[in-house]
Every structure is written in C-alpha cells, then in structure tokens.
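The values are calculated or read from the model by the stated rules, or taken from the named source; none is laboratory data. If you're wondering where the values come from, they're calculated on a predicted model, not measured in any experiment. Glycine also receives a Cβ, built like all others from the backbone with ideal geometry; neighbour counts cover every protein chain displayed. SASA here: full protein model, heavy atoms, side chains in, ligands and nucleic acids out. Shrake-Rupley method; radii C 1.70, N 1.55, O 1.52, S 1.80 Å.
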Amino acid sequence: MQSGRAGGKERTVSYRTTQAIVLSRAEWRENDRLLTLFSPEAGRLDAVCRGCRKPGNPLMAAAELFTWGEYVLFTGKGRTLVHSCQITENFYPLRLDYEKLQLASVFLQAALKVVQPEEPAQGLFILLARSLRRLAYTTLPPRAVAAAFLLHFAGVSGFAPRLDRCVRCGRDLAGEGGYLVAREGGVRCADCGAREPERLLLSAGALGWLREVAARGIDKAGELAGEVPYRLLAEYVGHHLDSELPEA
C-alpha cells in the first residue's frame, strides 16, 4: 500500500501480486482491454490492461484468453490496472486446434459462472490449470478431458452427480448403465428412467468410466470404449449453473 498527496488531496494506491488465469477479455478504447482474471486466493478480479493492443506492448500476451501468469495489479481511484505480468503458461497449442479451443472456452465459461470477487477458489483454480494443460499438451482425447473437467467441476462447485446408486430406488449400478438426470442430481437405473429421453442414457461402460474418473482422475481411469459422455456432462453442469454452456 502506498499513499501520497496530489493537489492537496490524499490518494492511496494498493498493489497486489497474484497468480491468475484470464477468463475473459473485452476491447476497450483504442488500445486497451478489460480483463476478468481468476486468482486462487482472490477469486474474480476485473482489471484494465492499458496499451496491450499496441504492437510490441509487453502486456500483449498477458491480455490473451487462457494466459496463466503472476500478475501485478494496482488499484487507485476505484480502478484496478494490470501493472506487469510474468507469464507462467499461455497454452499456445489450444489456438492451433479448433476442437480444443472450443472445449477450453467451455472451461472458462463454466469458471466465470461460479468464481466470485474476493472468494478464494484454490481447488477450482488447480482443476482449471491442470485441465487446460492436459487439453493442450497430452494425447488424451479432448472430449474425454472436457468430460473429466466438467465432472470434477461439478464436485468442487457442490453439485457432484450421484453415480453409484439410482437416485430414485437406491439400486447399486455396478455393471449397469442408467440415465443422468440433472434435476435429480444423479443417475436413474434403467427401470426408474424408462420414460427419460434416450439422449440421457449412459452405457454401463460410460457410467463405469465416470466413476473411475471421479475416484482416480482421468490419468488413471483408462480409455473409454465408445462415445465419451461430454454432452451429457455439459447439460448436467449447465442445468445446475442455470445457464447453457456454449456448444463444443
């Protein structure tokens, strides 16, 4: 915190250094951008990145979506500005693959819905950073990475789906498929979900894979034979966020 006088008036400028990921950006004025940053300690931070659209500006890369870095911010006269940034990772390969870029954008949109100003979210920050890294740099199927992200996102956000037993009758679903019903927070067995739309049906293999991902993580869950239930997870998360996630 620094203070001084200008024109006889007291002014205070507060500096903050934090790790953050850029969740959104919007063009502002001729050469500036408005950024929404996600900090694990401070939650959502809205900041102006001045001059970042000028060629050769040192903050150009810091004002791009997905960028993860150590941001130095200062607040004065009610406005927060990006002073500098030491970039940790920009996940550049995401920009070279349309499918990965679309899925990564879903990650950011989901995070934007739950991150609040001055509310720490260490678990979600770690999940987002690791998922972006898997999507950008590993050979794991992109939609499998995205499905795993959404499943764990539901868990850290407080609405993890029940996958082991039927939410209606309590039947053990080991070795069985079922219907993922967002409004009931989990899976109905084949009997209890007989009138649900066919699009909500999870095969036995897909349901077992989701349980493995939830318990052990995608790196240890093994490969799923058949279609990855990404759209079902996106619909489930969108329902609980009261906002449809973008198509991917």
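Numbers below:
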| item | result |
| --- | --- |
| Probe 1.4 Å, accessible area per residue of the stretch 107-248, Å² | 49 Å² |
| Calculated FRET value between Cys169 and Glu99, using beta carbons and R₀ = 41 Å, to 0.05 | 0.60 |
| Global form of the stretch 36-176, assessed from the alpha-carbon gyration tensor, a/c cut-off 1.5 | oblate |
| Lys220 accessible area, 1.4 Å probe, all protein chains in place, Å² to nearest 10 | 130 Å² |
| Relative contact order, percent, the chain [alpha-carbon distance under 8 Å, six or more residues apart] | 14 percent |
| Candidate residues Glu41, Glu70: accessible-area rank, largest first, probe 1.4 Å | Glu41, Glu70 |
| Solvent-accessible surface ranking, highest first, for Ser14, Ser131, Ser203 at 1.4 angstrom | Ser203, Ser14, Ser131 |
| Which labelled figure in (i) 39, 19, 18; (ii) 34, 20, 16; (iii) 41, 19, 14 is semi-axes √(5λ) of the Cα gyration tensor in Å, once derived from the coordinates | (iii) |
| Sequence-separation-based contact order of the stretch 85-167, relative, with Cα cut under 8 Å and 6+ spacing, percent | 31 percent |
| Under 17 Å from the Cα of Lys54 - aspartates and glutamates, other chains or at least 8 residues apart | Glu27, Glu30, Asp32, Glu64 |
| Theoretical ellipticity at 222 nm over the chain - DSSP helices of four or more residues, -39500 (n - 2.57) apiece, nearest 500 | -10000 deg cm²/dmol |
| Choice from Leu224, Leu128, Leu35 with maximal GNM fluctuation in the chain (Cα, 10 Å cutoff) | Leu224 |
| The stretch 15-60: mean projected area of Cα convex hull, nm² | 3.4 nm² |
| Alpha carbon convex hull of the stretch 147-248, volume per residue in cubic angstrom | 100 Å³ |
| Long-range amide H partners of Phe66 with built H, under 5 Å | Val22 |
